[in-house]
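The structure appears below as structure tokens.
The values are calculated or read from the model by the stated rules, or taken from the named source; none is laboratory data. In this text the structure is predicted, and so the values were computed from the model without any measurement. Positions of Cβ are generated from backbone atoms using ideal geometry, with glycine treated the same way; all protein chains shown enter the neighbour counts. For accessibility, only protein heavy atoms count, side chains too; no ligands or nucleic acids. Shrake-Rupley method; radii C 1.70, N 1.55, O 1.52, S 1.80 Å.
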Amino acid sequence: MVRKRRTELPSRGESSRPQQESSGGGSGGRGYQPRPSEGTAPPSQQHGGGQQGGGGRGPQGSRSVGHSGRGMTPQQQYGGPPEYQGQGRGGLLQQGGRGWFGSGGHGGMSGGLGVGPSASIPADPKLPELHQAIHVPYQPGVILPGGTSSEASSSTQPLESSQVSQQFEKLTIEGASSQAIQPVPASSKSMRFPLRPGKGSTGTKCIVKANHFFAELPDKDLHHYDVTITPEVPSRAVNRAVIGQLVRLYRETHLGKRLPAYDGRKSLYTAGPLPFQSKAFRIALPDDDGSGGQRREREFKVVIKFVACADLHHLGLFLQGRQADAPQEALQILDIVLRELPTSSYCPVGRSFYSPDLGRRQSLGGGLESWRGFYQSIRPTQMGLSLNIDITSTAFFEPLPVIEFVMQLLNRNNTSKPLSDPDRVKIKKALRGVKVEVTHRGNMRRKYRISGLTSQATRELTFPIDERGTMKPVVEYFYESYGFVIQHPQWPCLQVGNEQRPNYLPMEVCKIVEGQRYSKKLNKGQIRNLLGVTCQRPQQTEYDIVKTVRHNAYHDDPYAKEFGIIISEQLATVEARTLPAPRCVHWNVQLKYHDAGKERDCLPLVGQWNMTNKRMVNGGVVNNWICINFSRDVQDSVARSFCHDLAQMCCISGMAFNLEPVLPPVTGRPDQVDRVLKTRYHDAMTRLQPQRKGLDLAIFILPDENGSLYGDLKRICETDLGLVSQCCLTKLVFDVKRRKQSLANVALKINVKVGGRNTVLVDALSRRIPFVSDLPTIIFGADVTHPHPGEDSSPSIAAVVASQDWPEITKYAGLVCAQAHRVELIQDLFKTSQDPVRGTVSGGMIRELLISFRSATGQKPKRIIFYRDGVSEGQFYQVLLYELDAIRKACASLEPNYQPPVTFVVVQKRHHTRLFANNHHDHNTVDRSGNILPGTVVDSQICHPTEFDFYLCSHAGIKGTSRPAHYHVLWDENKFTADGLQSLTNNLCYTYARCTRSVSIVPPAYYAHLAAFRARFYMDPGSSESGSVTSGSVHGAGPRSSRGPGVNAAVRPLPALKENVKRVMFYC
């Protein structure tokens, strides 16, 4: 190793954005994934199934623009009157309204759907102001069933938010709902989540097993002590080593024979008191620097001071349902106790533990390998305390020589070729922060952490060897000092140590230390290999979980014994129900298609059906379209044939689709996407504009591996040209065996992109869906996606979608916005801005979508159901307080006394509860993949002791072990019954537009995720990687902030979507 002078110039051409982190693969396998015909969509997010694409919209600040076009009233019958049939891109009823629309005017989605940071919005006297109503004071009053109300006065002074909150506390609604609107709590201390309204009874009762293991509550006094270690070290491993040494030395004496549990930071816990209130210890810890010589000792001062006793009595009351608040400290102590032994034996990552001894290592490619592990968490449930155990896998660095790792990373087999600048950037991203050990000094295997690469090749590097500044080449130094001949002098050295005193090591003398998790973004091949490792049939997953629990031997765990914790080795047996099959009265999941088809109704079997003999209930219109082929493997004649087959399938499925494109398909180069696309678009428009026509659709054929091409096409089409598009991979073009089914799936996506409907629930048409059909109801879905750890400056993307076609509830308009890095609260749900002429004006996503619903249906929502995706339990209170308040303010800004009742439901998919059939060989209780049947719901035993939550497996599995979605109600003014919310959620899962299967999470939440993912393509290509992680990620997703907008730095807004794009489900 040589040390370089601080005065030497920094390396050149190596600055780069940190790569994103990839979540480790859990044992939960994939359920259904819609066929990947849509180009290179973002990586799958595992909900137990479902490939996730993208969707979104641009920044706020556009003018408010009313939409014209053909609409349809709720009373029109499907497949009946001709005025309903054949509707295409219209679909939103254009109807004025007093109160919400000033003095009346045009309906339609308000402009500025690309929500970004607040901006003043100029007035336009020619257009209705749809999303800029003035804040008005309002008095407690009544909204009649007809929805009439006094008109907002533009001369009224703006209402302060504090006044709005006071008004909320007084407000009640009659007619629309009989219950009082609850005030928004001022803080989490005054908030209580809704109690369970009884357990559901609808459906066929059955027994399932869950990966929860009963934990007996200990009968001991738990004591909490504060730990101060001096000098302070940031490493938990060092802290644990210090406390471990202290326990070995003093357990029998000063610690009163207690065996403490330590969290690695500031807290230490004992089962009973220590014989002192405060005591200082001196601990000498051997410092193994890998030098192989005599080990030095580091001395630490440790002060242990009593803090408080943890009361397990309150935990017992909580588990019995006699206390509202969960005693988090007691739960945390028990969790730390059970983590103590595996932390010392395995590699901890979050709440999971990994080891190469827990399962065979599998190479993932690129110098990475998968390690098997298990997740462990203590949870309060209706059956008492339970230990949730799941099998997981994630990526680790292979313990390779650095040269070999780099060769695999770059996919090379020749080391003689110099590295290019992109190669250097890739190496630097992959190795930054990785720990290596030197190999050129025999047994002296000293370890270092990589901080970068040198700008010069090893053969060009010199360093000073004395105070006079005599310089010595690195190559010469290693030969003279160690007899080591550097074989790759043309490659750079690794920079280790800190920036102030950088040291340099040739790559070939370094080896990657074992046991380091790879936390950056995996490539597609690595993701595919990791999924192959983790994808197991349910019976195998259950076996591995039970085997892990027995291997952990909690009955022999000295810490569990010390604290009196007893863990069962049997899976929990849970009462469940399979929600009714189709044709059941009032809870029908029967689907309606067009009357012109041979089959007008569809009865899904085991969560799936197909389009054979069926026509879309509302086919869209595509008169003018183009095709561009970006794949070198697809000849022009093949592209023409494929487009003709796709157009025919769209016609067969019920669309009005012109079989001939405006211009013949053309081939373009992926590296010239902007020029090729815009040239073809303008050529087509030159032909269409004299006829006053426009393009309805663009079809793109992409290479299977297409890099940024997919995102570039979507960004240009949706934010620049105002054109919806459909991307098809080359493998779809040549997949003759599954061509028909694949094209049918693509047709479904095209139809909703051009404004059509694929199907609706029969119960929706007959007005028999409880809590939806009786009153105009709007259903929202919301999600936030975050950049991967390592991307320190990329914004998070928030998306909100809302239903636009009550009572059918199948079409969803979507809005997106960029917000500060890793902020979980959706900041643009409601906002105000200052206009120099009109003063305070209101805006935000909720407000715009409410206006759009009124415009589309002719009625204002009298009930709001809000499905919020991806919120972790620790953020329930913050998200509810902030976002419910925004919903209330958005409603209040539209009209005096307008406060429809709200139900706020969190959807969680990144949890570790798995459900297994009680008998894997009973074909009446499992699907073809061996998973539990779709519609299986659990709201007992493993659920919250008192609050309103349930697990729902709404989809049929294909591969792996299905993961049920967890729904937790945080606010409920609509007074849902258990059966009502469970059945509504399950029924909605059959209305997902992109496939003929029920999906794993409720579609509004799914669409919000797609929209947020799509919006990441709209960002400046130089500002972020295209990937992201969904909020709620469990494997190294990094910290998320719940900060409000006031403390965030300015975020560059997203480019605005074109008006004709934002009206349709372009994100599908």
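In terms of its C-alpha gyration tensor, the stretch 368-479 has a prolate overall shape, because the principal axis ratio a/c (a ≥ b ≥ c, square roots of the eigenvalues) is not below 1.5 and a/b outweighs b/c. Each peptide in 502-510, 415-423, 191-199 gets a packing score, the mean of other Cβ atoms within 10 Å over its residues, and the list from highest to lowest is 502-510, 191-199, 415-423.
With N as its number of residues, the stretch 803-855 has a Cα radius of gyration that, divided by 2.2 N^0.38 Å, comes to 1.41. What is the stretch 709-844 by shape, rounded, prolate or oblate, if you read a ≥ b ≥ c off the alpha carbon gyration tensor as root eigenvalues and call it rounded for a/c under 1.5, prolate for a/b larger than b/c, and oblate otherwise? It is oblate, given that a/c is not under 1.5 and a/b is not larger than b/c.
Taking every alpha-carbon pair under 8 Å whose residues sit at least 6 apart, the stretch 822-885 reaches a relative contact order of 30 percent. Electrostatic bookkeeping for Asp221 treats Lys and Arg as +1 and Asp and Glu as -1; over the other residues with beta carbon under 15 Å from its beta carbon, the sum is -2. Taking every C-alpha pair closer than 8 Å and separated by at least 6 residues, the mean separation divided by the residue count of the stretch 642-782 gives a relative contact order of 22 percent.
Computed with a 1.4 Å probe over protein heavy atoms only, the accessible surface of the stretch 752-860 comes to 18 Å² per residue.
The residues neighbouring Asp704, those whose beta-carbon lies less than 12 Å from its own, together hold a net charge of 0 under the Lys/Arg +1, Asp/Glu -1 convention. Dividing the convex hull volume of the alpha-carbon atoms in the stretch 414-500 by its residue count gives 126 Å³ per residue. Short-range pairs are left out: with C-alpha atoms under 8 Å and at least six residues apart, the relative contact order of the stretch 272-356 is 18 percent. Computed from label points 7 Å out along Cα-Cβ, the spacing between Arg360 and Asp671 is 4.2 nm.
Within a Cβ distance under 9 Å of Lys909, other residues only, what is the Lys/Arg minus Asp/Glu net charge?
Values: positive: Arg910, Arg963; negative: Asp869.
Around Lys909, the charge tally is +1.
Looking at the stretch 857-978, I'd like the Rg to Rh ratio, where Rg is from alpha-carbon atoms and Rh is Kirkwood's inverse mean 1/r. Write down the numbers at each step before the final one.
On the way: Rg = 18.0 Å, Rh = 16.6 Å.
Reported Rg/Rh (Cα atoms, Kirkwood Rh): 1.08.
Judged by the ratio a/c of the largest to the smallest principal axis of the C-alpha gyration tensor, the stretch 696-773 counts as oblate, that ratio being 1.5 or greater while a/b is no larger than b/c.
Taking Rh as the Kirkwood radius, which is the inverse of the mean 1/r over Cα pairs, what is the Rg/Rh value for the stretch 351-431? Provide the component values of the computation, followed by the final result.
On the way: Rg = 18.8 Å, Rh = 15.3 Å.
Over the Cα atoms of the stretch 351-431, Rg/Rh equals 1.23.
Legend: distances between Cα atoms for Lys429/Lys524; Lys428/Lys731; Lys521/Lys959; Lys435/Lys561; Lys909/Lys959; pairs beyond 28 Å are Lys428/Lys731; Lys435/Lys561.
Within straight-line reach of Lys693, meaning a Cα separation under 29 Å, sit the following lysines at least 8 residues removed in sequence or on another chain: Lys126, Lys678, Lys714, Lys749, Lys753, Lys811, Lys1058, Lys1062.
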